[in-house]
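Working notes for the structure below.
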Amino acid sequence: MPPRSNSQTPLLDVSLPLSPRTIAFPGDPVVEIEMAKGAGNDDDAVVHRLCMGSHAGTHLDAPAHVIRGGLTLAEVGLEPLIGECTVVDCTQCEQSIDAAFLRKQEIPPVRRVLLKTKNSALLSATDFDFNYVYLTPDGATFLVELGASLVGIDYLSIGQMGPLGVETHKILLANQVLILEGLDLSQVAPGGYELLCLPLKLDVPDGAPVRALLRPLKEAADAGRTGLAPGRESRT
């Protein structure tokens, strides 16, 4: 599903809708939604019961996801999740995104980096596709050295399946680089944006679903001048 926006509010919704059709990482709980109240009585308020994993749809990985004793969802704070970011065009990568590729992209020194790949075309499927594009461990190390505090990608895992994928997660999360997975970047052009990304306030340590929005930097700056949103941060 493409990101949503309108002419009055130039926000791009890059979150996945949560429904029983939402794809899940292998072994994770699928999303279940059922009517809990209001089905048979017109006078009752309608309430639904939700059942899903903490990494359903578009979601945030906190360090405690793979680092024992790592920072929890409550401890990471919200500051890394709001502010200037850059969307990097990785659509030419057939299998993986490594340090050599990233080094050629001349990524500006922003703290939030979103990797746009061919994966966005896979998000509307009902089954998990194991042939997704992923970030390699040396690519993760490059982004840590770049000074990133958040790295996002357009599939349900930033690393490949298996031990090397766990290593990619650990390199980022051990260095307090949050991971944002399951983004829909299909309609987002590469370049600079303001990221607005808030996780559900769940009392769990490992992560949570998020609503993620992007606003082109020009519109974000204009909104800041009119008092509608925080101003842009410096590229440091």
| Ratio of Rg to Rh for the chain, alpha carbon only, Kirkwood? | 0.98
| query | Antiparallel as a % of all DSSP beta bridges within the chain, to the nearest 5? | reply | 65
| said: Taking R0 as 41 Å, what FRET efficiency do you get between ILE67 and ALA189 from their Cβ-Cβ distance, rounded to the nearest 0.05? | reply: 0.75
| task | Assuming R0 = 41 Å, can you tell me the calculated FRET efficiency for the pair GLU94 and ASP203, based on Cβ-Cβ distance, to the nearest 0.05? | result | 0.50
| note | Expected vector for region 69-75, Karplus 3J(HN,Hα) from phi with 6.51, -1.76, 1.60 and θ = phi - 60°, integer Hz, x for Gly and Pro, equals x, x, 4, 8, 4, 5, 8
| query | When we measure straight from the Cα of LYS37, which lysines land under 25 angstrom away, once same-chain ones fewer than 8 places off are left out? | reply | LYS201
| message | Given contacts defined as C-alpha pairs under 8 Å and at least six residues apart, what's the relative contact order of the chain, whole-number percent? | response | 27
| message | Let's see if you can work this out: charge +1 on each Lys and Arg Cβ, -1 on each Asp and Glu Cβ, no other charges. What is the dipole magnitude of region 78-207 about its Cα centre, in debye to the nearest 20? | response | 180
| field | Pairwise label distance in nanometres, ASP28 with PHE101, each label 7 Å out on the Cα-Cβ vector | value | 2.1
| task | Give me the distance in nm between label points sitting 7 Å out from Cα along the Cα-to-Cβ direction at ARG211 and LYS37, one decimal. | result | 2.1
| message | If the only charges are +1 at each Lys and Arg Cβ and -1 at each Asp and Glu Cβ, what is the size of the charge dipole of the chain around the Cα centre, to the nearest 20 debye? | response | 560
| message | Please compute the modelled spin-label separation between ALA45 and LEU78, points set 7 Å along Cα→Cβ, answer in nm with one decimal. | response | 2.3
| request: Only helices at least 24 Å long along their axis, Cα-based, and averaging 1.0 or more on Kyte-Doolittle count here, so list those DSSP H runs from the chain. | output: none
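Since every read-out is calculated from the coordinates, none of them should be taken as a lab result. The structure presented is a predicted model; accordingly, all values stated were derived computationally and were not measured. Virtual Cβ from ideal backbone geometry, glycine too; neighbours counted across all protein chains shown.
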